[in-house]
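Everything on this sheet refers to the single structure shown next.
The values are calculated or read from the model by the stated rules, or taken from the named source; none is laboratory data. All values reported here derive from a predicted model rather than from experimental measurement. Note that each Cβ is placed from the backbone with ideal geometry, even for glycine, and that neighbours are counted across all protein chains shown.
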Amino acid sequence: MEHEGSEHSSDWYWGFGATTIAVAIVSIFFSNLLLALIFLLGGFSYMAFSARKPEEVTVSITNRGVRVGGALYPFSDLSAYSFDLEPPRRRLVLISSRAIVSHIYLPLDADEDVAAIRAHMEPFIDEVPFMPTLADRITEYL
């Protein structure tokens, strides 16, 4: 899957939209039009993204790197990998040496063999224990 889909009720969308508009109104009240615009664009972009159904993406591990759809993450750009197997998530985490995108999360199906993935990755990069980042903890509650 392209991303983990989550089902939101229509009440969630109404509540999120109302909160976004309320924060924008408060920003306008304090004469901060730019902040109001940022909240409106960000809030409605998030709502549009969360309403989208995830697409199926092919992931393959080759001798050159990990291919996710049309993107190749070469092993030379990856410093390590780990598995996040804590319920309800099962995912492969690629740890990149890039500053902007330091972690790439790939959801695993229930029938994916972690040992086989580990055997393919082992000759190229090291496995490290999974340590959730602050961003992981924040997005877990959104």
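With respect to the stated conditions, residue 39 fails to be in a helix (DSSP H, G or I), within 16 Å of residue 105 (Cβ to Cβ) and not β-branched (Val, Ile, Thr).
Residue by residue, here is whether (1) outside the structural domain of residue 15 (by TED's automatic domain parsing); (2) more than 22 Å from residue 56 (Cα to Cα); (3) modelled with pLDDT of 85 or more holds:
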site: 88; (1), (2), (3): yes, no, no
site: 91; (1), (2), (3): yes, no, yes
site: 97; (1), (2), (3): yes, yes, no
site: 104; (1), (2), (3): yes, no, yes
site: 110; (1), (2), (3): yes, no, no
site: 122; (1), (2), (3): yes, yes, yes
site: 126; (1), (2), (3): yes, yes, yes
site: 131; (1), (2), (3): yes, yes, no
site: 135; (1), (2), (3): yes, yes, no
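Within region 109-135, the residues that satisfy the criterion of being within 15 Å of the chain's Cα centre (by Cα) and more than 19 Å from residue 78 (Cα to Cα) are 134, 135.
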